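> Pasting a structure here, questions to come.
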Amino acid sequence: MAVVLDAGQIDRILGELTAQIIGASERGVEIAAIGIRSRGEVLAQRLSGRLSEALKRDVPCGTLDITLYRDDLNSPQGHAQPQVRTTDIGFDIDDKIIILVDDVLYTGRSTRAALDALIDLGRPRAIRLAVLVDRAGREFPIQADFAGYKTDAGPGKLVQVNLVESDGKDEVVID
């Protein structure tokens, strides 16, 4: 198990992602952050806070549960009953630029499910994807608009993002 990002590096990457998002944002268009449960939710909260501070206005933040949109929900290989949790988006997403936040982009399947879920909730002006870790291995033609750390970790490798809010420490490890 190798630590590829420590707490300081994650903090620095979040700062860089914030600057990239601001640089790519149209003036006068509202932006909001929506995190994919569960670690994307934490990262979205952190980004929302940084964006709000830098832009000197509120950047709303929400949480998206994609369980019922997953394409492996009824897979015969799945044995466990999926745990459906709440989607908590307390604002209108229509005509906003939504920054969809996830911890790791790998196959693109979670992102595809999140896009389907968001479109069911409204009609944003645009959806931009921000990820902490972008790894090789796409199965769908999906790419991050904003990516913090890129890795070519092979298919047999596990990329695990640990965050203080859920795991007691900030780090990214590859096992």
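> For segment 16-26, check the following and say yes or no: at least one residue is modelled with pLDDT of 95 or more, assigned to a strand (DSSP E or B) and of a type in the set (D, E, K, R).
Filtering segment 16-26 down to residues modelled with pLDDT of 95 or more leaves 16-24.
Then drop every residue that is not assigned to a strand (DSSP E or B), which leaves none.
No, that holds for no residue.
> Taking Met1 as meeting all but one of (1) under 15 Å from the mean Cα position of the chain (by Cα); (2) at pLDDT below 95, write down the number of the exception.
The number of the failed condition is (1).
This table checks each residue for (1) buried (at least 18 other Cβ atoms within 10 Å of the Cβ); (2) touching a residue at least 24 places away in the same chain (Cβ under 8 Å); (3) of a type in the set (A, V, I, L, M, F, W, C).
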| position | (1), (2), (3) |
| --- | --- |
| Ala7 | no, yes, yes |
| Ile36 | yes, yes, yes |
| Ser52 | no, no, no |
| Cys61 | yes, yes, yes |
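> Turning to a different aspect of this structure: Taking Val133 as the residue in question, decide whether it is of a type in the set (A, V, I, L, M, F, W, C), within 16 Å of the chain's Cα centre (by Cα), closer than 20 Å to Ile22 by Cα and not in a loop (DSSP other than H, G, I, E, B).
Working: of a type in the set (A, V, I, L, M, F, W, C): yes; within 16 Å of the chain's Cα centre (by Cα): yes; closer than 20 Å to Ile22 by Cα: yes; not in a loop (DSSP other than H, G, I, E, B): yes.
Criteria met by Val133.
> Can you tell me which residue is farthest from Ala7 (Cα to Cα) among those in segment 40-55 that are of a type in the set (D, E, K, R) and out of contact with any helix residue (DSSP H, G or I) (no Cβ under 8 Å at 6 or more places or on another chain)? Before the answer, list the steps.
If we filter segment 40-55 for residues that are of a type in the set (D, E, K, R), which is where we start, we get 41, 46, 50, 53.
When the remaining residues are screened for being out of contact with any helix residue (DSSP H, G or I) (no Cβ under 8 Å at 6 or more places or on another chain), the result is 41, 53.
Working: Glu41: 18, Glu53: 21 Å.
Of everything passing the filter in segment 40-55, Glu53 is farthest from Ala7 (Cα to Cα).
> Could I ask something else about it? Counting only residues that are of a type in the set (D, E, K, R) and not in a loop (DSSP other than H, G, I, E, B), which one in segment 96-122 is surrounded by the fewest Cβ atoms within 10 Å (Cβ to Cβ)? I'd like the intermediate steps shown before the answer.
Just the residues of segment 96-122 that are of a type in the set (D, E, K, R), to begin with: 96, 102-103, 109, 112, 116, 120.
The next check asks that each one be not in a loop (DSSP other than H, G, I, E, B); those that pass are 102-103, 109, 112, 116, 120.
Working: Asp102: 27, Asp103: 23, Arg109: 17, Arg112: 18, Asp116: 14, Asp120: 9.
Looking at the filtered set, the residue picked out is Asp120.
> Applying the selection to segment 38-50, what residues are basic (Lys, Arg) and either surrounded by 23 or more Cβ atoms within 10 Å (Cβ to Cβ) or closer than 20 Å to Gln160 by Cα (or both)?
Passing the criteria: Arg39, Arg46.
> Restricting attention to segment 89-109, does a residue exist that is in contact with a strand residue (DSSP E or B) (Cβ under 6 Å, 6 or more places away or on another chain), under 28 Å from Ala7 (Cα atoms), modelled with pLDDT of 95 or more and of a type in the set (Gly, Ala, Ser)?
Within segment 89-109, none of the residues are in contact with a strand residue (DSSP E or B) (Cβ under 6 Å, 6 or more places away or on another chain), under 28 Å from Ala7 (Cα atoms), modelled with pLDDT of 95 or more and of a type in the set (Gly, Ala, Ser).
Listed here are the residues, each with its yes/no results for (1) in contact with a helix residue (DSSP H, G or I) (Cβ under 9 Å, 6 or more places away or on another chain); (2) buried (at least 17 other Cβ atoms within 10 Å of the Cβ).
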{"residue": "Val131", "(1), (2)": "yes, yes"}
{"residue": "Ala136", "(1), (2)": "no, no"}
{"residue": "Lys150", "(1), (2)": "no, no"}
{"residue": "Gly156", "(1), (2)": "no, no"}
{"residue": "Val159", "(1), (2)": "no, yes"}
{"residue": "Asn162", "(1), (2)": "yes, yes"}
{"residue": "Lys169", "(1), (2)": "yes, no"}
{"residue": "Val173", "(1), (2)": "no, no"}
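> Can I ask one more? Which residue is nearest to Leu129 (Cα to Cα), if the candidates are limited to segment 160-175 and must be touching an Asp or Glu at 6+ places or on another chain (Cβ under 8 Å) and of a type in the set (A, V, I, L, M)?
Quick first cut of segment 160-175, residues touching an Asp or Glu at 6+ places or on another chain (Cβ under 8 Å) only: 160-164, 170-171.
Those left that are additionally of a type in the set (A, V, I, L, M): 161, 163-164.
Numbers: Val161: 17, Leu163: 19, Val164: 22 Å.
Only one residue tops the list, namely Val161.
> Another one. Run down Thr107, Thr111, Thr151 and say which single residue is within 20 Å of Thr63 (Cβ to Cβ) and among the polar types (S, T, N, Q). Show your work before the answer.
Numbers: Thr107 fails: within 20 Å of Thr63 (Cβ to Cβ); Thr151 fails: within 20 Å of Thr63 (Cβ to Cβ).
Thr111 is the lone residue from the list that is within 20 Å of Thr63 (Cβ to Cβ) and among the polar types (S, T, N, Q).
The values are calculated or read from the model by the stated rules, or taken from the named source; none is laboratory data. Predicted model only: the values in this text are computed from it and were never measured. All Cβ positions, even for glycine, are placed from backbone atoms using ideal geometry, and neighbour counts span all protein chains on display.
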